[in-house]
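So the structure is just underneath, and the comments pick up after that.
FYI, it's all coordinate maths here, none of it is from the lab. Please read all numbers here as calculations on a predicted model, not as lab measurements. Neighbour counts run over all protein chains shown; Cβ positions are idealised from the backbone, glycine included.
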Ligand SMILES: [Zn+2]
């Protein structure tokens, strides 16, 4: 079921992602420590209030999804295999963790609304697009991407920042729609 949340554009989401990066100070590392951040936040900030941020669940408990986040409590559940993948620094697990952190930060306390029949939802209103955008903005150095996409290509940049190349491709399309990347750069990537 497609759901609607209050709109957030890419620029707003980038500001939020940058605030999260700043939690751990000036961010200069190539590979953003997303799992370390979630576990540190869970350990110190959230549990001190008697709450949990993160729960690891079995494949049996969550057979059809890699992760989920409760919009009421903000609790992030990561399936055990994706959690281990993230802890090992692999792309799929890291992206799942960053995406769910996006739901936690952007959608906790938000009421999901069902999309009316026949409506094509603008991307800014889609919680999955918002969470994907957040994950990409968190994991990637935005300025490096803009300056080096044409030179190095999608696959090399996805490898550098440890996220799935398909997710980076989708983000590059969003950046183009946002007027931040010239079409020529994408042509250079895929021609
Ligand atoms: Zn999601």
### Task
Indicate, rounded to the nearest 5 percent, the antiparallel portion of the DSSP beta bridges found entirely in segment 3-190.
55
### Task
Provide the FRET efficiency to the nearest 0.05 for the residue 19-residue 165 pair, computing r from the beta carbons and using R0 = 35 Å.
0.85
### Task
Could you work out how far helix 91-107 tilts from the main Cα principal axis of the chain, as a 0 to 90 degree angle to the nearest 10?
70
### Task
Normalising by the residue count of the chain, find the relative contact order in percent from Cα pairs under 8 Å and 6+ residues apart.
27
### Task
Once you've got the GNM for the chain with C-alpha springs shorter than 10 Å, pick whichever of 48, 133, 58 has the biggest mean-square fluctuation.
48
## Note on the structure
Taking the chain and counting helices only, DSSP H stretches of n ≥ 4 at -39,500 (n - 2.57) each over all residues, the nearest-500 ellipticity at 222 nm comes to -15500 deg cm²/dmol
#### Entry: Helix axis angle, 127-139 relative to the chain longest principal axis, alpha carbon, degrees
70
